[in-house]
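Presented below is the structure to which this report refers.
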Amino acid sequence: MEKIVALCKRRGFIFQNSEIYGGQNGFWDYGPLGTELKRNVRDCWYRDMVSGHNELVAPKTAPAKYQMVGVETALIMNPQVWKCSGHYDLFHDMMVDCRESKSRFRLDQIRCRWVSFKDATVKQDDTGTELSKVMVTSTAEDFHEDMTSEALRVFGQKKKYADKLQWDGAATTLDKVDVSEFATVVAPGASKAGTLTAPREFNLMMKTIIGALGTDDDAAYLRPETAQGIFVNFKNVVDSSRVKLPFGICQVGKSFRNEITPRNFTFRSREFEQMEIEFFCRPDESAGWYKYWRDTRFQWYQDLGVSKDRLLLRDHHADELAHYSVGTADIEYAFPFLDAGEYGELEGVAHRGDFDLRSHMEGKLTKNAAGELEVELNEDGKPKHRGSGKDLTYFDDQAKERFLPHVIEPSAGADRATLAFICEAYHEDQQPDENGVLQERLVMKFHPRLAPVKAAVFPLIKKEGMPEKAAEIFGALKAAGLSCQFDQQGAIGRRYRRQDEIGTPYCITVDGDTLTDGTVTIRDRDSLQQDRIPADRIVEEVLSRLNS
Ligand code: GAP
């Protein structure tokens, strides 16, 4: 992962935000190549899911034909949206503070394990009691190793005594530990046990103030998901675009969450981009559509070059599901910053029933004693958060029925997908140079559709009309809308390596033969095969290779 992060900075994929001022935790900037790459990720998603979808023909695996349309809604919405969606009351993480280090942690991100060391003790905060057995903690990804050094540190022992530590039970996360045991927990980096506060709820929505007066009444939230912009526009879309069930409304855009501990490069950021589909269908057909979207989205990552070996389609257990839900599955990727066998979420595919449309119609819903959803009431019997009161039902003019459609939601993260494509593309191999000597090669094997630069054009030497001919080819590729680079610096092998490192699939060289027979070479990044083709067919050739 360190090599990948270094490459991202060196070649201009991803930079730390506000780096010259020391950065801003949880925020990232994309450089020239990262911008092209992420735009390609979004464009592939939008084309494959929305604009390129043929609504006249049912895909082979789909239960029926369907329509797809897009919306682009504002980052800030009426605060009532978040009250009815449940985000205002429920969208929080549990956090703890360490009184000693003044650090804040997400409870479920602290790993911990009981440990003792013969005859050695650890001081307990406030009381000064000496504890012979404590719970050591770590927030590191390689937590087993980190916990060993933490345990040696708190017991004041040298590294060579690591095998004398007596571990008790398996490592777990602090959210599984009863608060009554916190007095024995040594927080990450703390010198004594018992410095953690009791867990508290922390709402993840980012607050802002609208208008010049700036009172609390003017408080609003940056959206924590793009989905609600779709639900509140459901009626507008139905009334304005003649869509008929089943259909999807899609949106790509920024979301914001006040993550307590942003981490793992762009994986958990405070500002990120989502690519969401809310797919509306008849309730009795929702199980088939859920399966379709779960499988379609899993296949999408593979079609763009992610190996199935590093992908996981994880169905949530029945006890993890909301009671109205037929199913939820996560699409996960074995990111290199995780332990072997661990996966990180790329996308969630959820069956949401009629929960969202109903809440925006009637008010915030909650489960009653029988496990059914009903409007949550205050003690005075009035709705806790009133809905819009607007009729959000759908009239099926064939069945002559009015009902609330059910929703399947494939919700993907554009930054996580981009990071997974970067991790997947990273390869190191060896290739012979001009003299036949094996040289290390770093090559980003991006799928050609995703590659930030599609082709590079090289004049073999800077004379004999080669730069002029190469510039002509470069201009023709640019005019076709292809992102290209022109490079005439250094030996040809060095130029290939510069392009391999950023994942350019095709390199085109203008040489002596070009000037006599009008052909150029086109070299494939992965097979390294070089073909000679007429220079005036180069745009056609690159386009056909990109689309094959
Ligand atoms: N509307 C449903 C929803 O927002 P989610 O699982 O909270 O569901 C969907 O988010 C996707 O958004 C995730 O699978 C992930 O790819 C991305 N995402 C969520 N939080 C993120 C964060 N803090 N940083 C980067 N991506 C994030």
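The values are calculated or read from the model by the stated rules, or taken from the named source; none is laboratory data. All figures in this text were calculated on a predicted structure; none of them were measured in a lab. Methodologically, a virtual Cβ is constructed for each residue, glycine included, from the backbone with ideal geometry; neighbour enumeration extends over all protein chains shown. Accessible surface is based on the protein model in full, side chains and every heavy atom, while ligands, DNA and RNA are left aside. Shrake-Rupley method; radii C 1.70, N 1.55, O 1.52, S 1.80 Å.
Couplings 3J(HN,Hα) for the range 54-61, derived from phi with the Karplus relation 6.51 cos²θ - 1.76 cosθ + 1.60 (θ = phi - 60°), are 8, 6, 8, 10, 6, x, 3, 8 Hz, where x marks Gly and Pro. Each Lys or Arg adds one and each Asp or Glu takes one away; over the other residues whose Cβ falls under 12 Å from the Cβ of Q302, this sums to -1. For G70, the residues whose modelled amide H falls within less than 5 Å of its own, excluding neighbours fewer than 5 places apart on the same chain, are C250.
Once you've got the Cα coordinates, tell me which of K102/K254; K207/K364; K254/K390; K60/K445; K118/K176 are over 25 Å apart. The pairs that break the limit, which is 25 Å between Cα atoms, are K102/K254; K254/K390; K60/K445; K118/K176. If the chain linking S191 and E472 were pulled fully straight, counting 0.36 nm for each residue of separation and taking away their Cα-Cα distance, it would gain 94.4 nm. Placing pseudo-labels 7 Å out from each Cα toward the beta carbon at T215 and D309 gives an inter-label distance of 6.4 nm. Rolling a 1.4 Å probe over the protein chains gives M1 an accessible area of about 50 Å². Extending 7 Å from the Cα toward the beta-carbon at both R545 and R47 defines two label points whose distance is 1.7 nm. When the inverse distances between all different Cα atoms of the range 93-202 are averaged and flipped, the Kirkwood radius reads 13.7 angstrom. Applying the Karplus relation 6.51 cos²θ - 1.76 cosθ + 1.60 with θ = phi - 60° to the range 78-87 yields 3J(HN,Hα) values of 4, x, 4, 3, 6, 5, 6, 6, x, 5 Hz, where x marks Gly and Pro.
Only the Cβ atoms of Lys and Arg (+1) and of Asp and Glu (-1) were treated as charged; on that basis the dipole of the range 93-202 about its Cα centre amounts to roughly 420 debye. Ranking L33, G52, V69 by how far each Cα lies toward the positive end of the dipole of the range 1-121 (charges on Cβ) leaves L33 at the top. The shape of the range 319-438 comes out prolate: with a ≥ b ≥ c from the C-alpha gyration tensor, a/c is at least 1.5 and a/b beats b/c.
In plain terms, the chain from R200 to F486 could stretch by 97.4 nm, reckoned as 0.36 nm per residue minus the Cα-Cα distance. Taking the accessible area of the range 93-202, probe 1.4 Å, and keeping the other protein chains in place, the carbon and sulfur fraction comes to 48%. Between K60 and Y343, the C-beta separation translates, for a Förster distance of 45 Å, into a calculated FRET efficiency of about 0.95. Measuring r between the beta carbons of N233 and E181 and using R0 = 41 Å, the FRET efficiency lands at 0.30. Expressed as a whole percent, the accessible area of the range 363-485 that falls on carbon and sulfur atoms is 48 (1.4 Å probe).
Is the shape of the chain rounded, prolate or oblate, going by the alpha carbon gyration tensor and its root eigenvalues a ≥ b ≥ c, with a/c under 1.5 for rounded and a/b larger than b/c for prolate? Oblate, because a/c is 1.5 or more while a/b does not exceed b/c. If I compute solvent accessible area with a 1.4 Å probe over the protein chains, what percent of it on the range 497-548 is carbon and sulfur? Carbon and sulfur: 45 percent of the exposed surface of the range 497-548. Spatially, the range 237-284 and the range 149-201 are offset by 39 Å when compared through their Cα centroids. Counting only Cβ charges, +1 for Lys and Arg and -1 for Asp and Glu, the dipole size of the range 418-510 around its Cα centre is about 300 debye. Among beta bridges identified by DSSP and lying wholly in the chain, the antiparallel ones come to about 85 percent. Cα centroid separation, the range 489-548 to the range 453-488: 10 Å. A simple spin-label model places pseudo-atoms 7 Å from Cα toward Cβ; at I533 and N78 they are separated by 5.5 nm. For L131, the residues whose modelled amide H falls within less than 5 Å of its own, excluding neighbours fewer than 5 places apart on the same chain, are V122, K123, Q124. Rolling a 1.4 Å probe across the protein heavy atoms gives the chain an accessible surface of 48 Å² per residue.
For the range 502-548, rounded, prolate or oblate, judged on the Cα gyration tensor with a ≥ b ≥ c (square roots of eigenvalues), a/c < 1.5 rounded, else prolate if a/b > b/c? Oblate, because a/c is 1.5 or more while a/b does not exceed b/c.
Between amide H atoms placed 1.01 Å from N, distances below 5 Å from A456 occur with Q485, Y506, C507, I508, all of them 5 or more places distant or on a separate chain.
Taking the charge dipole of the chain about its Cα centre, with +1 at Lys and Arg Cβ atoms and -1 at Asp and Glu Cβ atoms, the residue from F486, T504, Q228 reaching farthest to the positive side is F486. Separation of the range 288-358 from the range 379-451 is 10 Å, based on Cα centroids. Of V326, G381, F182, whose Cα points farthest to the positive end of the dipole of the chain (charges on the beta-carbon: +1 Lys, Arg; -1 Asp, Glu; origin at the Cα centre)? About the Cα centre, the residue reaching furthest to the positive side is F182.
Full extension of the chain segment joining F15 with L321 gains 106.4 nm, where the gain is 0.36 nm per residue of separation less the Cα-Cα distance. Among the listed pairs K133/K159; K235/K382; K65/K235; K38/K463, a Cα-Cα separation exceeding 30 Å is found for K38/K463. The local environment of I522, defined by Cβ-Cβ distances under 9 Å, has a net charge of 0 under the rule Lys, Arg +1 and Asp, Glu -1. P(r) tail for the range 438-547: Cα pairs beyond 23 Å make up 19% of the total. Helices that extend 15 Å or more along their long axis by alpha-carbon positions and average at least -0.5 on the Kyte-Doolittle scale are, among the DSSP H runs of the chain, 143-154, 414-425, 466-479.
Charging the Cβ of each Asp and Glu at -1 and of each Lys and Arg at +1, and nothing else, the dipole of the chain about its Cα centre rounds to 720 debye. Looking at the range 438-547 alone, DSSP beta bridges between its own residues are antiparallel in about 55 percent of cases.
Taking R0 as 45 Å, what FRET efficiency do you get between R104 and K160 from their Cβ-Cβ distance, rounded to the nearest 0.05? Efficiency computed from Cβ-Cβ geometry: 0.85. Of Y496, Y343, the residue with the largest accessible area leads and the full order is Y343, Y496 (1.4 Å probe).
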